[in-house]
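Take a look at the structure below.
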Amino acid sequence: MSGGSTGQSDARRDRDPWRVLVNVAQIPETGLHREIAADEAARKAMAEVAELREVVSARAEFDLQPKRDGSYQVTGRVQARVGQTCVVTLDPIENEIDEPIDVVFAPPEQIPQMADLVDDADDSDEETPDPPEPIVGGFIDIGRLATDALFLGIDPYPRKVDAVFEQKAEAPDLENHPFAALKALKKKPDGKKPKGS
């Protein structure tokens, strides 16, 4: 393998650390159920992208259901265990992630029309659906879908149970505070305050 192709592979790994492609042409009318688990290389790449200590485990399950308009409803959930650092104690900790997934994929040429329907729904009181994701080259990347959901589930301020910020209560030092120097300048050498102060 040449150095150029390795570089392209590394770049793709950085963009999509966990890739699992499903060919939509092979999804039966009754739908398709897939369960996936990230290997060590994918977990390491995800940890680097998300700036985590590690991704201990990551797995997901999906149901892909074709619809009459040529789109596909993809539902499921991703479950993971990630290693982070407590923002209070700086101790290593692990957190569980469990995120639901519910996304519509459609052929790229259908997306503008479907996006218009979403915009029309914005004007109503009903819950607005998300615009569909594009089916790229006839494939749906459920690995990327799982990665996005996993990243959304990461706690940005992880802390150990019962960890609290503690501030030391110290008696104020009257001679060592920001205004002590000003107070000293304001006094005359004899210790008396100047007139008008």
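The values are calculated or read from the model by the stated rules, or taken from the named source; none is laboratory data. The model shown is predicted, which means the values in this text are computed figures rather than measured ones. We place every Cβ from the backbone using ideal geometry, glycine too, and count neighbours over all the protein chains shown.
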For the condition over 30 Å from C86 (Cβ atoms) and at pLDDT 95 or above, what is the one hit in I140, I154?
I140
Taking interchain pairs and intrachain pairs at least six residues apart, which have beta carbon atoms under 7 angstrom, with the first residue in the stretch 76-101 and assigned to a loop (DSSP other than H, G, I, E, B) and the second among the aromatic types (F, W, Y)?
V87/Y157; V88/F165
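Of E170, E109, which residue is modelled with pLDDT of 85 or more, among the acidic types (D, E), surrounded by fewer than 17 Cβ atoms within 10 Å (Cβ to Cβ) and over 30 Å from E48 (Cα atoms)?
Values: E170 fails: modelled with pLDDT of 85 or more.
Exactly one residue qualifies, and that residue is E109.
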Where residues in the stretch 2-33 are in a loop (DSSP other than H, G, I, E, B) and over 24 Å from A47 (Cα atoms), which of them is modelled with the lowest pLDDT?
S2
Suppose the filter is within 30 Å of R159 (Cβ to Cβ), at pLDDT 95 or above and in contact with a Cys (Cβ under 7 Å, 6 or more places away or on another chain); does I101 pass it?
no
Which residue is farthest from Y157 (Cα to Cα), if the candidates are limited to the stretch 61-98 and must be among the small types (G, A, S) and within 16 Å of the chain's Cα centre (by Cα)?
A80
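Say we look at the stretch 45-69 and pick out the residues that are in contact with a strand residue (DSSP E or B) (Cβ under 7 Å, 6 or more places away or on another chain) and part of a loop (DSSP other than H, G, I, E, B); which of these is farthest from I97 (Cα to Cα)?
We begin by selecting, within the stretch 45-69, every residue in contact with a strand residue (DSSP E or B) (Cβ under 7 Å, 6 or more places away or on another chain); these are 46-47, 52-67.
Within this subset, residues satisfying the condition of being part of a loop (DSSP other than H, G, I, E, B) are 52-53, 67.
Working: L52: 13, R53: 15, K67: 30 Å.
Per the stated criteria, the residue is K67.
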